[in-house]
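J.: Take this structure, written in structure tokens, and hold onto it; I'll ask about it next.
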């Protein structure tokens, strides 16, 4: 429903740029139309290169359980030990992202998620943001930060009387995603937390997993722009292709360090399906949110037309549908992160 007003505008942009799917010409370094669906997280992280700002990422391929577990074990040993993050190599919206604290938990995870998986060290943050970056269509040799979104992880405070389930159902926001939280908590939902005890309800920075998004425009500085530009413009992915548009999900220690372009690590880079997620800030008006959404797509079509003029191909609707069906058929695990 939220996207319904955008559809006529997309049709107009498609006519103006002579292709409704013009943005699929973006990001030649990312497979599947620049990152529509089913793209490899490991391949994208590899395209960013081995740098201090990029979180170490290991691909755990399908196969014999013990061999997969050994690779996870080796990853943990090489990067500071447990806990680590395991997630599908082709996941979306926090699907099956899990904080793994023990080898036993890793085994259980790999028994359930049988497809390709990536392992990463757990970056404690404590902060996370989404940085939407784009190449400058007027000067393609550089880029800019379109937006930054702060991500607030869901928590709830105990009162010494109610169970976690009751507290969630009584909460004005959390009750709207109660099914997500209760599935994540399992039997722990029956626990009564002490008065004043703060309980974390999630560690995945995705709004489908309970995170709250707030605009972070005040975090943008010339130094941070320079840092993100250096990372984005050196991206070399499929066949040496580059990056034009995407959102960096970043963990960082403090806002001051982030503004100075340090103390941060990139957890993921998403392609053309990235959103300017600051538009979900509950303090924003609908007018402001839609203005941001329309501006994002206007930019994507403009960049797509430029990239097409450079020889990049536009992906057809039939191919997109095939990718989507394959992705849905092959994924395994729970849609709820844990």
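Bear in mind that the values in this text are calculations on the coordinates, not laboratory data. Everything quoted here is computed from the prediction, not taken from an experiment. Please note: Cβ atoms are built from the backbone with ideal geometry, for glycine as well, and neighbour counts cover all protein chains shown.
J.: Using Cα-Cα distances under 8 Å and only pairs 6 or more residues apart, what relative contact order does the range 153-266 have, in percent?
T.: RCO, the range 153-266: 24 percent.
J.: Roughly what percent of Cα-Cα pairs across the range 165-244 reach past 16 Å?
T.: Cα-Cα pairs of the range 165-244 separated by over 16 Å account for 67 percent.
J.: State the percent of C-alpha pairs, over all pairs in the range 219-330, separated by a distance greater than 23 angstrom. Walk me through the intermediate numbers first.
T.: Working: 2870 of 6216 pairs.
Value for the range 219-330 (Cα pairs over 23 Å): 46 percent.
J.: Tell me what the chain gives for mean residue ellipticity at 222 nm when only DSSP H runs of n ≥ 4 count, each as -39,500 (n - 2.57), the sum divided by the residue total, rounded to 500 deg cm²/dmol.
T.: -10500 deg cm²/dmol
J.: Right, here's the next one. Given 0.36 nm per residue, what is the gain on full extension from residue 309 to residue 157 after removing their alpha carbon distance, in nm? Intermediate values should be presented prior to the final figure.
T.: On the way: separation 152, 0.36 × 152 = 54.72 nm, distance 5.47 nm.
Result: 49.3 nm gained on full extension.
J.: Mind jotting down the three principal axis lengths of the range 244-309 based on Cα atoms? Whole angstrom, largest first.
T.: Principal axes ranked by extent give 38, 34, 18 Å for the Cα atoms.
J.: Can I ask one more? For the range 56-122, what number results from the quotient of the Cα radius of gyration and 2.2 N^0.38 Å?
T.: With N residues counted in the range 56-122, Rg over 2.2 N^0.38 Å equals 0.95.
J.: Next up: Mind jotting down a quarter of the surface of the convex hull over the alpha carbons of the range 155-201, in square nanometres, one decimal?
T.: In nm², the orientation-averaged hull projection of the range 155-201 is 2.6.
J.: Please state the equivalent ellipsoid semi-axes for the chain: what are the square roots of 5 times the Cα gyration tensor eigenvalues, largest first, in whole Å? The partial results should precede the final answer.
T.: Details: eigenvalues 211, 121, 83 Å².
Semi-axes (√(5λ), whole Å): 32, 25, 20.
J.: Taking the Cβ of each residue in 3, 301, 280 as the centre, tally the other Cβ atoms inside 10 Å and list the residues starting with the fewest.
T.: 3, 280, 301
J.: Sort 30-37, 147-154 by packing, meaning the average of other beta carbons within 10 Å per residue, with the highest value first.
T.: 30-37, 147-154
J.: Please state the relative contact order of the chain as a whole percent: Cα pairs under 8 Å, 6+ residues apart?
T.: Dividing the mean separation by the residue count of the chain yields 28 percent.
J.: Between residue 295 and residue 324, with labels modelled 7 Å along Cα→Cβ, what's the label distance in nm to one decimal, could you check?
T.: Those two pseudo-labels are separated by 2.9 nm.
J.: As a footprinting exposure proxy, order 87, 41 by other Cβ within 10 Å, with the fewest listed first.
T.: 41, 87
J.: Pick from 175, 135, 195 the residue whose mean-square fluctuation is largest in a GNM of the chain, springs joining Cα atoms under 10 Å.
T.: For the chain, modelled as a Gaussian network with Cα springs under 10 Å, the answer is 195.
J.: What is the order of 227, 187, 221, 57, fewest Cβ neighbours within 10 Å to most?
T.: Going from sparsest to densest Cβ surroundings: 187, 221, 227, 57.
J.: Once the convex hull of the C-alpha atoms of the range 274-337 is built, how many Å³ does it hold per residue, rounded to a whole number?
T.: Taking the convex hull of the Cα positions in the range 274-337, it is 138 Å³ per residue.
J.: Under a 10 Å cutoff between Cα atoms, tell me which one of 296, 90, 141 has the largest fluctuation in the Gaussian network model of the chain.
T.: Top of the fluctuation ranking is 141.
J.: Springs between alpha-carbon atoms under 10 Å, Gaussian network over the chain: tell me which of 156, 266, 60 tops the mean-square fluctuations.
T.: Comparing 156, 266, 60 in a Gaussian network model of the chain, the most mobile one is 156.
J.: Hey, another quick one. Assign one of three labels to the range 10-80, namely rounded, prolate or oblate, based on the Cα gyration tensor with a ≥ b ≥ c the square roots of its eigenvalues; rounded applies when a/c is under 1.5, prolate when it is not and a/b is larger than b/c, and oblate otherwise.
T.: In terms of gyration-tensor shape, prolate.
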